[in-house]
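Participant: Sharing a structure here in structure tokens format.
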Amino acid sequence: MIMTNEEKLGSAPLFRLMMSMGIPTLVAQIINLLYNIIDRIYIGHIPEVGATALTGVGLALPMIVIISAFSAFVGAGGAPLSAIALGRGKKEEAERILGNGFSLLLIFSAFLMILFFIIKRPVLFLIGASDATFPFADEYMTIYIFGTLFVQISLGMNPYITAQGCSRTAMLSVLIGAVLNIALDPLFIFGFGMGIRGAALATVISQFVSAVWVLRFLTRKERAMGIRRNYLKIQGKIVAKIMSLGVAPFIMQATESFISIVMNSGLQRYGGDMYVGTLTIMQSVMQFVSIPVSGFTQGVQPIMSYNFGAGNIERVKKTYFTMLGIVMSYTILLTISIMAVPGIFARMFTDSSELILLVEKILPVFVCGMLVFGVQMSSQTTFLALGQAKISLFIALLRKVILLIPLAIILPKLTGDVMFIYYAEPISDVTSALTCGILFACLFGKILKRSKKSQL
């Protein structure tokens, strides 16, 4: 007898299941990263204005991050809840969560489109646009805003596909958009001579196709859960649950833009242009560690949510410890490699010998905290999978808002040394990981016991 994807979550051999769920999501994250990088490479090679155009797109990035953060709000907030409901055999409840999530995305899309059309000019100048860079940032952002709905659907609904055990389908939705974007970029930018407008249009079209793919999957009747017309009406209790769990991933994404602004301004003040240049390289290198880990843990999350809902506590425990072993092995191995040969990673992004030497000096310090990053991501993912909204929110706030941003501001002020801006990163990484580990050790067993009692 062939098991459905939903049944596999509860009974398939665990390690093989984790690989089949985690690797496609991991690949999707890497593809998403790569096509964003390639997008910027094309823009940077626009004749005569490439450098300025690239700067303009960089200025638009904080607003783009905010738009993506709202999709994470609904996707990461609702998908674990729907998986828990499926695990409990409550298909109707799972579809109500999905339907309310879809309606929320429609509301967010309309709100964000209106908001950013009103504020994009003053915000772009506030971020640092000049008379030279503003036209490029404005052109790109204006077209991108029109595609807000497609971004919300493709990114916000995709986790609901993964939540029912179809991680390969979820990966394909990202892959389709990425391949199309990579193909359309040179055609629109250079072939049609559209420049930066062509890059933005290629992105919007790609997101539209991804959104259609996602909706096509989620509207089929034979799915474990799908978008049903009678479940689209907003229900306060369901929305509150989605938003309470989704606020943590939202904050994690939304604060990325603010962190870049804080650290860049500090590096400019205490170090100068060369030090600002190091941050772009080092944050890109850190993504080699963080994005695969994030992708893998997101893929594994539905296994824990489903089995938690089904009351299969031992399978939840085994999933967590297996996930922790896998991601810790990866983070330790790659982080040590980066620390051992930082120059190799620096040369991937620049030919400047001066900048390479500076990155070689600073990168081992900057990334050393990633040695324990696996502890935080495993713990955070598990709390999300088990529907622990308050704990997830605290963890999201801890690493970046409570620790990193204040440390990046205060430490260089106290010392007058630019290096302390870099020290803020490993200090916050290690402190956050240790705190997460302690919280998990104290609360994991209690959460599972409460769940078991409630099902008796």
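Participant: Please go through the stretch 180-242 and write out the trypsin sites (Lys or Arg not before Pro) that DSSP classes as loop and that have at most 12 other C-beta atoms within 10 Å. Mind showing how you got there, number by number?
Facilitator: Details: sites: R197, R216, R220, K221, R223, R228, R229, K233, K237, K241; in loops: R220, K221, R223, R228, K233.
Passing sites in the stretch 180-242 are R220, K221, K233.
Participant: Turning to a different aspect of this structure: So for each of 79-87, 329-337 I average, over its residues, the number of other beta carbons within 10 Å; can you give me the resulting order with the highest mean first? Write down the numbers at each step before the final one.
Facilitator: On the way: 79-87: 28.1, 329-337: 16.3.
The most tightly packed comes first, giving 79-87, 329-337.
Participant: Using only Cα atoms, what is the ratio of the radius of gyration of the stretch 217-376 to 2.2 N^0.38 Å? Mind dumping the intermediate values first?
Facilitator: Values: Rg = 21.0 Å, N = 160, 2.2 N^0.38 = 15.1 Å.
It is 1.39.
Participant: Using the Cα centre as the reference, give the magnitude of the dipole from point charges on the C-beta atoms of the chain (Lys, Arg: +1; Asp, Glu: -1; all else neutral), rounded to the nearest 20 debye.
Facilitator: Working: 35 positive and 21 negative charges, 485 e Å.
Once rounded to the nearest 20, the dipole reads 2320 debye.
Participant: D for the chain, whole µm²/s, Stokes-Einstein with Kirkwood Rh over alpha-carbon pairs at 20 °C and 1.002 mPa s: what number?
Facilitator: Details: Rh = 22.7 Å.
Rounded to a whole number, D works out at 94 µm²/s.
Participant: Relative contact order for the chain: what is it in percent, counting Cα pairs under 8 Å that are at least 6 residues apart?
Facilitator: Numbers: 707 pairs, mean separation 100.6, N = 456.
Normalised by residue count, the contact order of the chain is 22 percent.
Participant: While we're looking at this one, here's another question. Tell me whether the stretch 193-255 comes out rounded, prolate or oblate; compute the Cα gyration tensor, take square roots of the eigenvalues as a ≥ b ≥ c, and use a/c under 1.5 as the rounded threshold.
Facilitator: Oblate, because a/c is 1.5 or more while a/b does not exceed b/c.
Participant: Can you compute the helix-only [θ] at 222 nm over the chain? Use -39500 (n - 2.57) per DSSP H run of at least 4 residues, normalise by all residues, nearest 500 deg cm²/dmol.
Facilitator: Working: 17 runs with 376 residues, N = 456.
Helix contribution divided over all residues of the chain: -29000 deg cm²/dmol.
Participant: What list do you get for V372, V367 if you sort them by fewest beta carbons within 10 Å?
Facilitator: Numbers: V372 21, V367 26.
Lowest to highest Cβ neighbour count: V372, V367.
Participant: Would you mind ranking C442, C166 so that the residue whose beta carbon has the fewest other beta carbons within 10 Å leads the list?
Facilitator: Working: C442 9, C166 20.
Listed from fewest to most nearby Cβ atoms, that is C442, C166.
Participant: Just going by the charge dipole of the stretch 247-456, with Lys and Arg at +1 and Asp and Glu at -1 on Cβ, which of M323, A310, I291 is farthest out on the positive end?
Facilitator: A310
Participant: Which whole-number percent gives the relative contact order of the stretch 17-234, counting Cα pairs below 8 Å spaced six or more residues apart?
Facilitator: Once normalised by length, the contact order is 32 percent.
Participant: Let me ask another. When a/c reaches 1.5 or more, the comparison of a/b and b/c decides; with that in mind, is the stretch 287-388 rounded, prolate or oblate per its Cα gyration tensor?
Facilitator: Working: a/c = 3.83, a/b = 3.24, b/c = 1.18.
Here the stretch 287-388 falls in the prolate category.
Participant: Place a label point 7 angstrom from the Cα of K361 along the Cα-to-Cβ direction, then list the residues of the stretch 273-313 whose backbone nitrogen is under 19 Å away.
Facilitator: Under 19 Å, as judged by backbone N against the label point of K361, lie 273-283 of the stretch 273-313.
Participant: May I ask you to sort D131, D39 by Cβ crowding, counting other Cβ atoms within 10 Å and putting the fewest first?
Facilitator: Details: D131 7, D39 21.
Fewest-to-most ranking of D131, D39: D131, D39.
Participant: When all alpha-carbon pairs of the stretch 17-234 are counted, what percent fall beyond 29 Å? Don't skip to the answer; put the middle values down first.
Facilitator: Numbers: 7002 of 23653 pairs.
Counting every Cα pair in the stretch 17-234, those more than 29 Å apart make up 30 percent.
Participant: Please list 139-146, 257-264 highest first by mean number of surrounding beta-carbon atoms within 10 Å per residue. Write down the numbers at each step before the final one.
Facilitator: Numbers: 139-146: 20.0, 257-264: 17.1.
Final packing ranking: 139-146, 257-264.
Participant: Taking the alpha-carbon centroid of each part, what is the distance from the stretch 327-362 to the stretch 170-225 in angstrom?
Facilitator: 33 Å
Participant: Would you mind computing, in nm to one decimal, how far apart the modelled labels at N264 and L187 are, each placed 7 Å from Cα along Cα→Cβ?
Facilitator: 3.2 nm
Participant: For F125 and R228 in the same chain, what is the full-extension length gain: residue separation times 0.36 nm, less their Cα-Cα distance, in nm? Intermediate values should be presented prior to the final figure.
Facilitator: On the way: separation 103, 0.36 × 103 = 37.08 nm, distance 4.31 nm.
32.8 nm is the gain from fully extending F125 to R228.
Participant: Taking the simple approach of a point 7 Å from Cα along Cα-to-Cβ for both A340 and K413, what is their distance in nm?
Facilitator: Going from the A340 label point to the K413 one covers 4.1 nm.
Participant: Within the chain, which DSSP H helices have Cα atoms that stretch 20 Å or more along the helix axis and a mean Kyte-Doolittle hydropathy of at least -1.0? Display every interim value, and only then the final one.
Facilitator: Details: long enough: 14-44 (45 Å, 1.15); 50-87 (51 Å, 1.67); 91-127 (48 Å, 1.33); 148-162 (22 Å, 0.87); 167-186 (30 Å, 1.20); 196-218 (33 Å, 1.47); 236-270 (49 Å, 0.72); 273-310 (55 Å, 0.59); 313-340 (40 Å, 1.05); 353-367 (21 Å, 1.75); 419-455 (53 Å, 0.48).
Result, helices passing both filters: 14-44, 50-87, 91-127, 148-162, 167-186, 196-218, 236-270, 273-310, 313-340, 353-367, 419-455.
Participant: For an R0 of 22 angstrom, estimate the FRET efficiency from the Cβ-Cβ distance between R220 and K91 and round to the nearest 0.05. Write out the running numbers ahead of the final one.
Facilitator: Numbers: r = 14 Å, r/R0 = 0.64.
For R0 = 22 Å, the calculated efficiency reads 0.95.
Participant: Please work out the FRET efficiency for the pair I332 and V212, using the Cβ-Cβ distance as r and a Förster radius of 56 Å; give the result to the nearest 0.05. Mind showing how you got there, number by number?
Facilitator: Values: r = 41 Å, r/R0 = 0.73.
Step by step, r from the Cβ atoms, then E = 0.85.
Participant: State, to one decimal in nm, how far the label point of K390 lies from the label point of K237, with both points 7 Å from Cα in the Cβ direction.
Facilitator: With each label point 7 Å from Cα toward Cβ, the separation is 2.0 nm.
Any read-out appearing in this document is the output of simple, stated calculations on the displayed coordinates, not a laboratory observation. Remember, it's a predicted structure, so these values are computed and weren't measured experimentally. Methodologically, a virtual Cβ is constructed for each residue, glycine included, from the backbone with ideal geometry; neighbour enumeration extends over all protein chains shown.
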